Amino acid sequence: MAGSAEMASLEESFRKFAIYGDTKATGQEMNGKNWAKLCKDCKVTDGKSVTSTDVDIVFSKVKGKTARVINYEEFKKALEELAPKRFKDKSKEEAYDAICQLVAGKEPINVGVT
């Protein structure tokens, strides 16, 4: 399993993406748009084994029935779901660690902002 320092930077990334573009966001919950942005910016989606559709499906799967957002625990579950798809040649644990490394310490990329 990933180390605690890695988990801390994973949570930090979650918070940064969770508040991205939303001035009222607390960083505790992430909406689908920001989840998709995180997956794109952190190269979780590669257009081949993991597409934006996969990302949306996983988001719908891990969130509560009526919820429109996911919390950090659900976020980790979502990464766990995507990991084997993204890293087909690795075991479940290795894939999860690899996907966590993709996300950990990353920030939202602002395109065209001056």
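Anything in the stretch 68-82 that is exposed (fewer than 12 other Cβ atoms within 10 Å of the Cβ) and not acidic (Asp, Glu)? List them, or say none.
Filtering the stretch 68-82 down to residues exposed (fewer than 12 other Cβ atoms within 10 Å of the Cβ) leaves 68, 73.
Listed by number, the list holds a single entry, Arg68.
Specify which of the listed residues (Lys85, Lys37) is modelled with pLDDT of 95 or more, surrounded by 14 or more Cβ atoms within 10 Å (Cβ to Cβ) and within 21 Å of Val111 (Cβ to Cβ). Walk me through how you get there before you give the answer.
Numbers: Lys85 fails: within 21 Å of Val111 (Cβ to Cβ).
Exactly one residue qualifies, and that residue is Lys37.
I'm checking my understanding of the structure. Among residues of the stretch 44-59 that are touching a residue at least 12 places away in the same chain (Cβ under 8 Å) and surrounded by fewer than 13 Cβ atoms within 10 Å (Cβ to Cβ), which one is farthest from Ala104 (Cα to Cα)?
To start, the set of residues in the stretch 44-59 that are touching a residue at least 12 places away in the same chain (Cβ under 8 Å) comprises 44, 46, 49-50, 52, 54-56, 58-59.
From what is left, the residues that are surrounded by fewer than 13 Cβ atoms within 10 Å (Cβ to Cβ) are 46, 52.
Details: Asp46: 17, Ser52: 20 Å.
Looking at the filtered set, the residue picked out is Ser52.
If you scan the stretch 56-70, which residues turn out to be assigned to a helix (DSSP H, G or I), touching a Gly at 6+ places or on another chain (Cβ under 9 Å) and not aromatic (Phe, Trp, Tyr)?
Going through the stretch 56-70, the residues assigned to a helix (DSSP H, G or I) turn out to be 56-62.
Then keep just the ones that are touching a Gly at 6+ places or on another chain (Cβ under 9 Å); that gives 56, 59-60.
Matches in the stretch 56-70: Asp56, Ser60.
Examine the stretch 44-53 for a residue that is in contact with an Asp or Glu (Cβ under 9 Å, 6 or more places away or on another chain), at pLDDT 95 or above and either of a type in the set (Phe, Trp, Tyr) or not in a loop (DSSP other than H, G, I, E, B) (or both), and state whether such a residue exists.
The first filter runs over the stretch 44-53 and keeps only residues in contact with an Asp or Glu (Cβ under 9 Å, 6 or more places away or on another chain), leaving 45.
Imposing the further condition that a residue be at pLDDT 95 or above reduces the set to 45.
Next, from what is left, pick out any that are either of a type in the set (Phe, Trp, Tyr) or not in a loop (DSSP other than H, G, I, E, B) (or both): none.
There is no residue in the stretch 44-53 that is in contact with an Asp or Glu (Cβ under 9 Å, 6 or more places away or on another chain), at pLDDT 95 or above and either of a type in the set (Phe, Trp, Tyr) or not in a loop (DSSP other than H, G, I, E, B) (or both).
The values are calculated or read from the model by the stated rules, or taken from the named source; none is laboratory data. For clarity, every value in this text was computed on a predicted model and none was experimentally measured. Positions of Cβ are generated from backbone atoms using ideal geometry, with glycine treated the same way; all protein chains shown enter the neighbour counts.
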